Amino acid sequence: MSAQPRPYHHGNLRQAAIDAAVSEVERVGVAGVSMREIAKRAGVTHAALSYQFGDKTGLFTAVATAGFKLAADAIAPAATGPQGFVTGGMAYVMFAITHPGHYEVMFRPDLYSDTDLELAEARDAAFAILYGSARTSLGATTPDDNVAGVVVAGWSMSHGLATLWQTGNLRDRISDDPTQLARQVAEGIASLGQLANHYLASLNETSTDPPQSA
């Protein structure tokens, strides 16, 4: 005899469905997720799930929105003060590692409605934390273009680190202790900055070299 869906209280279907979708993503990946399995896990009927979200795109939109809100809540406390951009970046990595289901959906706009207003607000609010912490760390006199460049570079490094960690590509290559990892990555960023400065200096030298005579 098949198990019947568990009854749910009015008003919690949405959260139950989001939680179930996240669990399914963690179990089988986004490609293997089905609305019927999510409904079964949430303890609701497939019809009720479809009525609430319409289709998988609608449900993934809700998952991504919840993910950006959770990310903002996790990163904001760490992204303060003069070192906030670096500590906020590590909080970003820790969020990704501890919320793999949300994280997998959040940065896949092909899965959800990119024009959803609630999603756009949640995503913009999360980005504002990254930008604000970079602005504070760099100082008020830093040009906006430089701040934007630092945000994109830092975001790319944090996102790449989180993705490599999640997929097991950093196993035995970097510390799995959060405190040691934070220091190791910060030292790596500092060394990378030195390399970038050398590269920019070489470009400047090239641009100022006198033209060769024929």
If you take the beta carbon distance between Thr179 and Thr80 as r and set R0 to 25 Å, what does 1/(1 + (r/R0)^6) give as a FRET efficiency, to the nearest 0.05? 0.85
Extension gain, Glu26 back to Thr57 (0.36 nm per residue minus Cα-Cα distance, nm): 9.4 nm
Please give me the summed charge of the neighbours of Ser113: other residues whose Cβ is under 15 Å from its Cβ, Lys and Arg +1, Asp and Glu -1. -3
With unit charges on the beta carbon (Lys/Arg positive, Asp/Glu negative), name the residue among Thr167, Ala31, Asn204 whose Cα is farthest towards the positive pole of the charge dipole of the chain. Ala31
Could you tally the net charge around His46, taking each other residue with its Cβ under 11 Å from the Cβ of His46, Lys/Arg +1 and Asp/Glu -1? +1
Per 10 Å bin, what is the whole-percent P(r) computed from every C-alpha pair distance within the chain? 8, 27, 28, 19, 11, 5, 2, 1, 0
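No value in this document is a laboratory result; all are computed from the given coordinates. Just so it is clear, the structure is predicted and the values come from calculations on it, not from any experiment. Because the Cβ atoms are built from the backbone with ideal geometry, glycine has one as well, and the counts that use them run over all protein chains shown.
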